[in-house]
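Each remark here refers to the structure printed beneath this line.
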Amino acid sequence: MNRTISIALTLTAGALLSTSVFAASLNGTKWQTIDDKTGEKKAIIQLNESNGKVSGKIIKVLNKEEAKAVCTKCPGSLKNKPIEGLQILSGLKADGNNKWSDGKLVDPESGKTYSGKLTLSDNGQSLDLRGYVGSPLFGRSQTWQRIK
């Protein structure tokens, strides 16, 4: 009897611990970006997961005048690519508890590349994006809203 209770408690504890370590899936989710300086809605981003890493690309630019623009300031293979379809997030790895880090973010307006991390809200409806150089203390944040 004591052995049965011990096994049940061990299995229950293991199940609880294993679910808290894994982050929610962001695969295929779409997000409305909101400029942290102006409050303006800018674009729609689609996130995808592959091999344990999250990436994201701009699938729609909301300003029709900017929708056909290319990223003239972007580095390397992203240079002169259309903004719509541009991969701006890459390599984000799940830390557990709805957090991803160790990724790269590209700002198509400045062409600069930043280290980045994401945090999904408890209700799954907003995503905090933090881009920084060196330490997360020195950077900018945006909150994106989930599109259903």
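The values are calculated or read from the model by the stated rules, or taken from the named source; none is laboratory data. This one's a predicted model, so the numbers in the text were calculated from it and none came from an experiment. All Cβ positions, glycine included, derive from the backbone under ideal geometry; neighbour counts span all protein chains shown. Ligands, DNA and RNA are stripped out before the accessible areas are found, and what is left, the full protein with its side chains, is counted by its heavy atoms. Shrake-Rupley method; radii C 1.70, N 1.55, O 1.52, S 1.80 Å.
Key figures for this structure:
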quantity	calculated
Single match in Thr119, Thr113 (criterion: among the polar types (S, T, N, Q), closer than 14 Å to Leu47 by Cβ, modelled with pLDDT of 95 or more and crowded, with 16+ Cβ neighbours inside 10 Å)	Thr119
Members of segment 93-111 that are under 24 Å from Lys37 (Cα atoms) and in contact (Cβ under 8 Å) with a residue 24 or more places away in the chain	Lys99, Trp100, Gly103, Leu105, Val106, Asp107, Pro108, Glu109, Ser110, Gly111
Filtered residue count, segment 68-97, keeping only those that are of a type in the set (D, E, K, R) and either within 13 Å of Gly111 (Cα to Cα) or open to solvent by less than 60 Å² (accessible area, probe 1.4 Å) (or both)	3
From the options Ile58, Ile34, residue that is modelled with pLDDT of 95 or more and under 21 Å from Gln142 (Cα atoms)	Ile58
Residues within segment 53-81 that are touching a Phe, Trp or Tyr at 6+ places or on another chain (Cβ under 8 Å) and of a type in the set (Ser, Thr, Tyr), tallied	0
Residues located in segment 54-89, provided they are within 13 Å of the chain's Cα centre (by Cα) and closer than 16 Å to Leu127 by Cβ	Val54, Ser55, Gly56, Lys57, Ile58, Ile88, Leu89
Filtered residues of segment 25-43 (kept if out of contact with any Phe, Trp or Tyr (no Cβ under 9 Å at 6 or more places or on another chain), open to solvent by 40 Å² or more (accessible area, probe 1.4 Å) and under 16 Å from Ser121 (Cβ atoms))	Ser25, Lys30
Test for Trp100: is it at pLDDT 95 or above, open to solvent by less than 60 Å² (accessible area, probe 1.4 Å) and closer than 16 Å to Ala43 by Cβ	no
Test: residue in segment 122-132 that is among the small types (Gly, Ala, Ser), more than 17 Å from Asn27 (Cα to Cα) and either open to solvent by 50 Å² or more (accessible area, probe 1.4 Å) or in contact with a Cys (Cβ under 9 Å, 6 or more places away or on another chain) (or both)	no
Single match in Ser115, Ser90, Ser141 (criterion: more than 18 Å from Ala24 (Cβ to Cβ), touching a strand residue (DSSP E or B) at 6+ places or on another chain (Cβ under 9 Å), in contact (Cβ under 8 Å) with a residue 40 or more places away in the chain and not aliphatic (A, V, I, L, M))	Ser141
Residue list for segment 44-55, filter: crowded, with 16+ Cβ neighbours inside 10 Å and in contact with a Gly (Cβ under 9 Å, 6 or more places away or on another chain)	Ile45, Gln46, Leu47, Glu49, Lys53, Val54, Ser55
